[in-house]
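Chemist: The following block contains the structure, expressed as structure tokens.
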Amino acid sequence: MSNAVDSANLILRLYELRREETMRKARDFMFSFDPQTFEDIQGVIMGPQGGYFRMVTSYWDMACSFVTNGAIDAKMFDEVNGEHVLAFAKVQPFLPQIREMFGNQNYMKNVEQVCLGAAGGQERVTAARERIRKMLAIRPGA
């Protein structure tokens with residue numbers, strides 16, 4: 001298990017990685033992506049934005065693996081991050097189909113475990129999904 005200083009240092013490193021230019025573009029894409037159907041997910045994965053989708057989902061699964069494996073304290077991680085919940089909220093309704101498509105039953109397992117394992121996890125994921133849809137609906141040009 002990680003101590004507080006080790007957890008803090010890893011969290012800071014994860015934050016630094018999020019600032020990389022391509023990752024910023026990928027995160028911006030993921031924020032505005034609002035899949036309504038599995039076909040929406042498939043279209044993105046197979047399209048020009050597929051790299052962005054994979055970058056964000058694999059980044060958060062990696063970060064959450066640090067939590068599930070004890071390298072980062074779960075409480076500390078939860079207190080300073082929320083974007084993993086948003087990413088999970090977008091894919092959760094389609095997760096079984098995505099896992100089947102990729103042939104990987106462990107796809108986003110760490111994110112799922114961290115999100116749903118937190119207090120009020122499913123409610124938090126559902127609220128994030130609803131909140132982002134409301135935000136996207138009122139953006140200019142929506």
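Chemist: Which one of the conditions (1) touching a residue at least 60 places away in the same chain (Cβ under 8 Å); (2) more than 26 Å from Leu12 (Cβ to Cβ) does Ala127 fail to meet, given that it meets all the rest?
Modeler: (1)
Chemist: Checking Lys109 against (1) touching a residue at least 40 places away in the same chain (Cβ under 8 Å); (2) crowded, with 17+ Cβ neighbours inside 10 Å; (3) not hydrophobic (A, V, I, L, M, F, W, C), only one condition comes out false. Which one?
Modeler: (2)
Chemist: On the basis of being under 23 Å from Arg131 (Cβ atoms), of a type in the set (Asp, Glu) and either in contact (Cβ under 8 Å) with a residue 60 or more places away in the chain or surrounded by 20 or more Cβ atoms within 10 Å (Cβ to Cβ) (or both), does Asp61 make the cut?
Modeler: Considered against the rule, which asks whether it is under 23 Å from Arg131 (Cβ atoms), of a type in the set (Asp, Glu) and either in contact (Cβ under 8 Å) with a residue 60 or more places away in the chain or surrounded by 20 or more Cβ atoms within 10 Å (Cβ to Cβ) (or both), Asp61 comes out as yes.
Chemist: Scan segment 75-93 for residues that are out of contact with any Ser or Thr (no Cβ under 8 Å at 6 or more places or on another chain) and part of a helix (DSSP H, G or I) and jot them down.
Modeler: Those that are out of contact with any Ser or Thr (no Cβ under 8 Å at 6 or more places or on another chain) and part of a helix (DSSP H, G or I): Lys75, Asp78, Glu79, Val80, Glu83, His84, Val85, Leu86, Phe88, Lys90, Gln92, Pro93.
Chemist: Say whether the condition of being in contact with a Lys or Arg (Cβ under 9 Å, 6 or more places away or on another chain), under 22 Å from Gln122 (Cβ atoms) and not polar (S, T, N, Q) is met by at least one residue in segment 7-30.
Modeler: Scanning segment 7-30 turns up at least one residue that is in contact with a Lys or Arg (Cβ under 9 Å, 6 or more places away or on another chain), under 22 Å from Gln122 (Cβ atoms) and not polar (S, T, N, Q).
Chemist: Filter segment 1-17 for residues that are modelled with pLDDT under 95 and of a type in the set (D, E, K, R) and give the result.
Modeler: Asp6
Chemist: Pull up segment 72-92, narrow it to residues that are exposed (fewer than 15 other Cβ atoms within 10 Å of the Cβ) and either aliphatic (A, V, I, L, M) or over 12 Å from the mean Cα position of the chain (by Cα) (or both), then point me to the one that is nearest to Leu17 (Cα to Cα).
Modeler: Among them, the one singled out is Val80.
Chemist: Using the structure shown, decide if Ala63 is outside any helix (DSSP H, G or I), within 20 Å of Cys115 (Cα to Cα), among the small types (Gly, Ala, Ser) and at pLDDT 95 or above.
Modeler: no
Chemist: Continuing with the same structure: Please state which of the following conditions Ile72 fails to meet, knowing it meets all the rest: (1) part of a helix (DSSP H, G or I); (2) of a type outside the set (Ser, Thr, Tyr); (3) in contact (Cβ under 8 Å) with a residue 60 or more places away in the chain.
Modeler: Here Ile72 clears every test but (1).
Chemist: Answer yes if at least one residue in segment 26-45 is more than 22 Å from Glu130 (Cα to Cα) and buried (at least 16 other Cβ atoms within 10 Å of the Cβ), and no otherwise.
Modeler: yes
Chemist: Would you call Ser32 on the phi < 0 side of the Ramachandran plot, touching a residue at least 12 places away in the same chain (Cβ under 8 Å) and among the hydroxyl-bearing types (Ser, Thr, Tyr)?
Modeler: Considered against the rule, which asks whether it is on the phi < 0 side of the Ramachandran plot, touching a residue at least 12 places away in the same chain (Cβ under 8 Å) and among the hydroxyl-bearing types (Ser, Thr, Tyr), Ser32 comes out as yes.
Chemist: Given the conditions (1) modelled with pLDDT of 95 or more; (2) under 23 Å from Arg18 (Cβ atoms); (3) out of contact with any Ser or Thr (no Cβ under 9 Å at 6 or more places or on another chain), which single one is not true for Glu123?
Modeler: (2)
The values are calculated or read from the model by the stated rules, or taken from the named source; none is laboratory data. What you see is a predicted model, and the numbers here were worked out from it, not measured in a lab. Cβ sites come from the backbone with ideal geometry, for glycine too, and all protein chains shown count toward neighbours.
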